[in-house]
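Student: I have a structure here, written as structure tokens, and I will follow up with some questions on it.
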Amino acid sequence: MVYANPVLPGFYPDPSVCRVGADYYLVTSSMAYFPGVPIFHSRDLIHWRQIGHCLTRPSQLALERADSAKGIYAPTLRHHAGLFYLISTNVSAGGNFYVTARDPAGPWSEPVWLQADGIDPSLYFDDDGTIYFTCQSAAGALQSTLDLETGKLQTPLRPIWPGTGGAYPEAPHLYKLNGWYYLMLAEGGTEYGHMETIARSASPWGPFEGCPRNPVLTHRSKGLLPIQSVGHADLVQSPDGRWWAVCLGVRPNGYPKCHHLGRETFLTPVTWDAAGWPMFGREGRIEPTIDGGDWLAQPWPPEPPRDDFDAAELRLCWNFLRNPRAQDWSLAERPGFLRLHGSAVTLDDVDAPAWVGRRQQHFDCEAWTA
């Protein structure tokens, strides 16, 4: 099957993915938008449908006075012993936390707040029951073990790998395969020098040896490629043993290079060489169209392009900027319509305007209201 990238077009940055049986689940950052952290379901990693949000209550997601570029950063989604774990950072209020759910569509629990510095947190559940908490700092990846009952770190955070020297080492994820612990990092910043690097060790604490092919994924200095800034990746293995990676990227439109759809979610196959190192895509690059071989497509029914606002709740595609004020909007005052009550708050204010919006997902679009 041949599929097209991105698999999630529009503002869906920092993807994280996990598999439960034959089902895949994916989350992305949501920054200062509410509800927070959209969650998607797929049966083929290519066709995704949104099934909910992980953060739907102000008690889970405080965004008051959050800058539009702040709020929720870099969530990681994992599944362990019948529970889904969503760990992330609210850089505007509270720091690192995790929430849990038995049904990924929700409801999700109240946050368990962690007394831990750093951002871009990730969890790894080891075979012996140890739970590793890994996060980002200016020095690279930091790590501790975590008590899930209390949310307390059991050891001080300690550096385990600084990366390869690229700027802003971030988004660490720990994996285990064939007796090796692999630590993957994004480096270079979420800009045109973005890249993904990986290292491994016989111990989760290191010392970590970098892959001789680092970076294993990057489009830096490849200005003619239609996809740029790839990085911030997460790995998942399918039931048939194949490996895949999701990552973010942008599609510049015009010159000088700029992009208006935001950081989007891309998918690429991953293979492993004889030495046990991963190989992403074609020589570390992601193609706009990829031949997945005998991979079976399992699409969902298409989302309707028109919204008549005739349901009791907004469709999952709609978002508020920061925590909405109940008096600013209504679906009930005039059934079949979304009614907004203007306020003194404008889009220039770091506040909650009377605004409901959705992601632009295509270079060409047309929108209207009656």
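The values are calculated or read from the model by the stated rules, or taken from the named source; none is laboratory data. For clarity, every value in this text was computed on a predicted model and none was experimentally measured. Because the Cβ atoms are built from the backbone with ideal geometry, glycine has one as well, and the counts that use them run over all protein chains shown. Accessible surface is based on the protein model in full, side chains and every heavy atom, while ligands, DNA and RNA are left aside. Shrake-Rupley method; radii C 1.70, N 1.55, O 1.52, S 1.80 Å.
Student: Using 1/(1 + (r/R0)^6) with R0 = 35 angstrom and r between the beta carbons of His80 and Ser330, what's the FRET efficiency to the nearest 0.05?
Tutor: Plugging the Cβ-Cβ distance into 1/(1 + (r/R0)^6) gives 0.30.
Student: Under 24 Å Cα to Cα from Lys176, which lysines show up? Leave out anything in the same chain fewer than 8 places away.
Tutor: In chain and number order, the partners are Lys152.
Student: Starting from the 7 Å offset along Cα-to-Cβ, what nm value, one decimal, do you get for the label separation of His341 and His362?
Tutor: Here the modelled spin labels are 3.6 nm apart.
Student: What residues of segment 220-262 lie in the reach of a label at Thr289, counting those whose backbone N is under 15 Å from a point 7 Å from the Cα along Cα→Cβ?
Tutor: 226
Student: What is the extension gain from Arg57 to Ser201, computed as 0.36 nm multiplied by their sequence separation minus the C-alpha to C-alpha distance, in nm to one decimal?
Tutor: 47.8 nm
Student: Using per-residue counts of other Cβ atoms within 10 Å, averaged over each peptide, order 182-191, 318-327 from highest down.
Tutor: Top to bottom by mean Cβ count within 10 Å: 182-191, 318-327.
Student: Here's another thing I want to ask about it. Asp240 versus Ala139, label points 7 Å from Cα toward the beta carbon: distance in nm?
Tutor: 4.5
Student: Grab the eigenvalues of the alpha-carbon gyration tensor for segment 6-107, scale each by 5, take roots, and send me the semi-axes largest first in whole angstrom.
Tutor: Equivalent ellipsoid of segment 6-107: 22, 15, 10 Å, largest first.
Student: Identify which of the listed values of P(r) over Cα pairs in 20 Å bins from 0, in percent was calculated from the structure shown: (1) 30, 61, 9, 0; (2) 27, 54, 17, 2; (3) 29, 59, 12, 0.
Tutor: It is the one labelled (3).
Student: Give a quick list of GluC sites (Glu not before Pro) in segment 242-329 that DSSP marks as loop, anything other than H, G, I, E or B, with at most 16 other Cβ atoms within 10 Å.
Tutor: Taking segment 242-329 and a limit of 16 other Cβ atoms within 10 Å, the loop GluC sites (Glu not before Pro) found are Glu283, Glu313.
Student: Using every alpha carbon pair in segment 276-370, what percent of pairs falls into each 5 Å bin from 0 up to the bin containing the largest distance?
Tutor: Spelled out per bin, shortest first, that is 2, 9, 14, 16, 14, 11, 8, 8, 8, 7, 3, 1, 0.
Student: Name the most mobile residue of Gly262, Gly179, Gly357, meaning the one with the largest mean-square fluctuation, in a Gaussian network model of the chain with Cα contacts below 10 Å.
Tutor: Gly179
Student: Also, I was wondering about something else. Which value, in nm² and rounded to one decimal, describes the direction-averaged projected area of the C-alpha convex hull of segment 229-331?
Tutor: 11.3
Student: What length, rounded to one decimal in nm, is gained on full extension from Asp23 through to Asp308, with 0.36 nm per residue of separation minus their alpha-carbon distance?
Tutor: Length gained, Asp23 through Asp308: 99.5 nm.
Student: Still on this structure: Sorted by mean Cβ packing within 10 Å, highest first, what order do the peptides 120-129, 149-158, 169-178 take?
Tutor: Ranked from most to least packed, the peptides come out as 169-178, 120-129, 149-158.
Student: Also, quick follow-up: Out of the total accessible area of segment 149-262 (probe 1.4 Å, heavy atoms of protein only), what percent is carbon and sulfur?
Tutor: Values: 2720 of 5050 Å².
Using a 1.4 Å probe with all protein chains present, segment 149-262 comes out at 54 percent carbon and sulfur.
Student: Treating cross-link reach as a plain straight distance, find the aspartates and glutamates whose alpha-carbon is under 16 Å from the alpha-carbon of Lys257, omitting any fewer than eight places away in the same chain.
Tutor: Filter leaves Glu191.
Student: At a Förster radius of 45 Å, what calculated FRET efficiency corresponds to the Cβ-Cβ distance of Thr369 and Asp126, to the nearest 0.05?
Tutor: Working: r = 52 Å, r/R0 = 1.16.
Taking R0 as 45 Å, the efficiency between Thr369 and Asp126 is 0.30.
Student: So with the 1.4 Å probe, I'd like the accessible area per residue for segment 272-336, rounded to whole Å².
Tutor: For segment 272-336, the per-residue accessible area is 64 Å².
Student: I'm a student and want to see the number: the projected area of the Cα convex hull of segment 195-274, averaged over all directions, in nm². The partial results should precede the final answer.
Tutor: Values: hull surface 28.7 nm².
Projected area, direction-averaged: 7.2 nm².
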